[in-house]
Amino acid sequence: MSSTPSTFVKTWNGNPVDLTCIAEAMPNATITWSYNGRKIQDDDIYTIYGRSAHSNLLVRSPSEARNAQSVYGVYRCQAENNHGEQYINIELQEARRPSELREIRNVKGAATTLTFEFEGPLDDRGLPILPM
């Protein structure tokens with residue numbers, strides 16, 4: 001399970017997210033998913049793709065699903081074969097819109113061009129802000 005890419009995943013309402021679990025085991029392990037101690041089955045919020053060696057859990061947001069419930073929290077991917085079992089927790093966190101920019105400065109102006117400098121927000125609220 002050391003190949004699982006991340007133990008923290010962020011998304012926001014209206015956006016589905018894929019949680020990935022990779023189990024390196026011989027013989028191949030069977031993968032199961034749970035949330036808050038309850039085993040996950042395919043329904044209007046969750047779809048499981050693959051249950052052996054590599055498994056993805058598609059989590060739809062409450063606004064997309066008919067059953068409006070929180071999907072944020074800790075998911076457990078558990079791999080099991082005849083030699084034992086191992087698990088990894090993947091925390092799904094809600095990202096929010098960043099706060100306002102601290103400052104916008106007009107650096108240079110010409111007849112057809114304006115150049116600005118921006119000072120980023122104090123709080124990125126969960127997602128890194130990348131320069132373009």
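A Cβ-based charge dipole, computed about the Cα centre of the chain with Lys and Arg at +1 and Asp and Glu at -1, lands at about 160 debye.
Between GLU85 and SER34, the contour length at 0.36 nm per residue exceeds the alpha carbon distance by 16.9 nm.
How high is the relative contact order of segment 8-94, in percent, counting Cα pairs under 8 Å that sit 6 or more residues apart?
36
Taking 0.36 nm per residue of separation and subtracting the Cα-Cα distance, full extension of the segment from TYR49 to ARG96 would add 14.2 nm. Among the listed values [x] -0.76, -1.10, -1.23; [y] -0.68, -0.96, -1.05; [z] -0.77, -0.96, -1.04, the one computed from these coordinates for log10 I(q)/I(0) by the Debye sum over Cα atoms at q = 0.15, 0.18, 0.19 Å⁻¹ is [z].
Near the amide H of TRP12, within less than 5 Å, lie the amide hydrogens of ALA95, all on another chain or at least 5 residues away, with H placed in the peptide plane.
Rolling a 1.4 Å probe over the heavy atoms of the protein chains gives the chain an accessible area of 67 Å² per residue.
The values are calculated or read from the model by the stated rules, or taken from the named source; none is laboratory data. Just so we're clear, the structure is a prediction, and the values are computed from it rather than from any experiment. Backbone-built Cβ (ideal geometry, glycine too); neighbour counts: all protein chains shown. Ligands, DNA and RNA are excluded from the accessible area calculation, which covers all protein heavy atoms including side chains. Shrake-Rupley method; radii C 1.70, N 1.55, O 1.52, S 1.80 Å.
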